[in-house]
Structures are given as C-alpha cells and as structure tokens.
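Since every read-out is calculated from the coordinates, none of them should be taken as a lab result. Keep in mind that this is a model prediction, so the values were computed, not measured.
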Amino acid sequence: MTDVEPWGVVAPLVEAGDLNGGYDRVIAETGPEKVADALVAELLSRCGPAREQAVVRLELTVPAETSIVVDIGFGPEGATLLGTGAEADEGADVRIAYPIADFARALYGTRGAGLHLRHDLSARWPDDPDPAEVAPLLARRRRGIRAGHALLRELRTAPPPLDDLAVAFGSDKWGGVHWYTQHYERHFAPLRDAPVRLLEIGIGGYDDPRAGGGSLRMWQRYFRRGLIHGLDVHEKRLDEPRIRTIKGDQSDGAFLDRLGAGLGGLDIVIDDGSHVNAHVLASFAALFPHVRPGGWYVIEDLQTSYWPSYGGGPSGPGTTMGLIGALLDGLHHKEYGKAPSYTDAHVTGVHVYHNIAFIEKGFNDEPGPARKPR
C-alpha cells in the first residue's frame, strides 16, 4: 500500500456533517485543544489580506471547561496566528466568543448550518476613557469591528463561484486558455456540501517544490468539507489544511492502484497531468475502479489526443478520444450483446465538452430494449 499522510482530526470533522451530536463526539474523543488547532488552521486558510491592521481574540468555549483563547492578526499580509492561551495579547481590538461545536459546524457543516449559530462579539472600550483618547479609541473600535466581521464572513456556507476561485488562486481552469469551470460547476455543484475525497493528477510549477497548487487551493475552498489530494511527478511541499501532496508517476499503473487503495475510495479524480495519451489511459485503468459510485473521473485537455507529440492522432485505440469512444460503446453494451467489462458495467454517463470529459461512475444495469425480429 502507498503511504498516505493521515488526516488526523480533520477527517472526522469534515465527515461529522450535521449529524446530531457529531461534532460533540469528535471533540470528546479527540480533545478540544486538537480540534481547536484544526479549526483555527482552516479559518486562517480562508482569510485573505485586509487593508487595516487589527487583532481579533477568538474564544472557543467548551462546556464545563476553560475557553480556548486564540489571537488572530489581520493585515495586508493576510491573517496570522499571534498567540494562544497565556500568549494571547490582552490588547485585542475585538473579542468573539463561539461555542467550539458551533464553530466547527459553521466551518464544515452543510449549507445553512452556520447562518444562525450563537456567537458573541464585543469591541474593546475602556470604562472611563480620557476625552482626548476617544477619537483614536473609536478608530480602533471600527477597525476591530471590521476585522471581526471579516472573520465571521469566512464562516459563510456559500463560497464564491468556481471561476472566481480559479482567478483568485491562479488556476488555469478559467481564463484565456481553458474555460472549464462552468462545466465543473454543472457536475460538481451537488457535491459541494459532501465530504468528498478528491485526487487531482498534476499540481503545476514543474520541479519547484513550492510552485503550483492553484487548482488544489481552488478545490479546497469550493468543497468546504473536501479532503484534497494532489499527485505530481515532482516533489511538492504545499500541504495546507485539507490539502495533501503525493509524489508519483501517473504512468505507473501499479503505483496508482496502491494509491487508490490507500486513499480509501475517491469521489473525484481529475487528470490534469502530462496529457500524454498512454499516461491518460494507464491512469484511468488504474484509478477508475477506486472511484465510488456517484463519483466522477475527469480528463482535461483532450486536444492532445490529436497531437502526435503526445502520442495522439485520429481517434482510435491508444488515444484519449479512442478511450472515450470505447466508453460510449460500453455504455450501450446490452444493445449489441457484448459481455460487459468493468467499465462497461460501471460507466453510467460520458459528458464531453471542448477539451474536457466527465465520466460518471455508477451501475450500468438499466435493461436494454427487447429485440424484435424483422
């Protein structure tokens, strides 16, 4: 089995959903401190840069226990963790108290779960301010309120549209070269609230370990409960909350089979790797069996199916478009009496757009029409 870094407390948090007591159970089993660490890391990954410097004190309250105190700094460089517990600064501009289970639900719950959760926001203000200090105190109070609002805004359950996320994180799936996000939205929207496990082949940035990852970050924000895996032939060090990177060759079918087994089932696989036809076919053969029913296998950049430099040519065996044609034939295997292969029995839809194909996984068991003699 291929070693895959465990997700720790993150996996049970995203899988808890809105089940009755689900978050309370995770907190009780794992401990509120470890849960708080994961929640704060997730929050910081969502917060963007701010025009003003401000400090927000977040108090995650735990029933019958002392609150977990975290100070978060907002500024042009983004949101940063300033201190926890005894390290927290008493001079925070605004205080937000949130029950820890409700905070987890706001971050990871399904749409609508975080709209009316209990929280308490209060801005810093002395009991008897010096009149000369009122103006700067008011300015600081306004900065604190805006920073607190920015933090709470990141708990909203509806992330921006996928094309906005593609632009924000530098993914090439929208703009100039490709226009894929509209198709992804069409097919992936029903899964936005699900605890999906996604694997994307090809991280980008070539051999620079810190470069690339724009699409992984886009998927991390789009699937608020998703566990996102990126595979690349080069070593990458881009691990962030709910993102893991894996080094491997997509042409190695045995490696990919072990990887799929190690990940424990996948809801989405996206091939945005080498685009060499032989590699595309090898990856599909190895990974499609590890896609769960109801999931998707996506192949991008179909244009290389026609390019000889990528092993392409007219649609036929050995090309990506040849594979897609075979999947369409297999989808209708009952109509011409073919004994079904694995893909024939489990491909339930093939949706092809300009340079991108979505292959739907399920059970192709609809009865065929009765044959009638002429």
What whole number of Å gives the distance from the Cα centroid of region 152-196 to the Cα centroid of region 209-225? 10 Å
So how much slack lies between residue 33 and residue 81, counting 0.36 nm per residue of separation and subtracting their Cα-Cα distance, in nm? 15.8 nm
Once the piece of chain linking residue 210 and residue 177 is laid out straight, how much longer is it, given 0.36 nm per residue of separation minus the C-alpha distance between them? 9.6 nm
Which of the lysines could a cross-linker bridge to residue 247, judged by Cα under 19 Å and excluding same-chain residues fewer than eight apart? 236
Please state the shape class of region 249-374: rounded when a/c is under 1.5, otherwise prolate if a/b exceeds b/c and oblate if not, all from the C-alpha gyration tensor. oblate
Straight-line reach from residue 361: which lysines have a Cα under 24 Å away, not including same-chain ones fewer than 8 places off? 173, 334, 338
Residues whose modelled amide H sits under 5 Å from the amide H of residue 246, counting only those 5 or more places away in sequence or on another chain, are 230, 231, 232
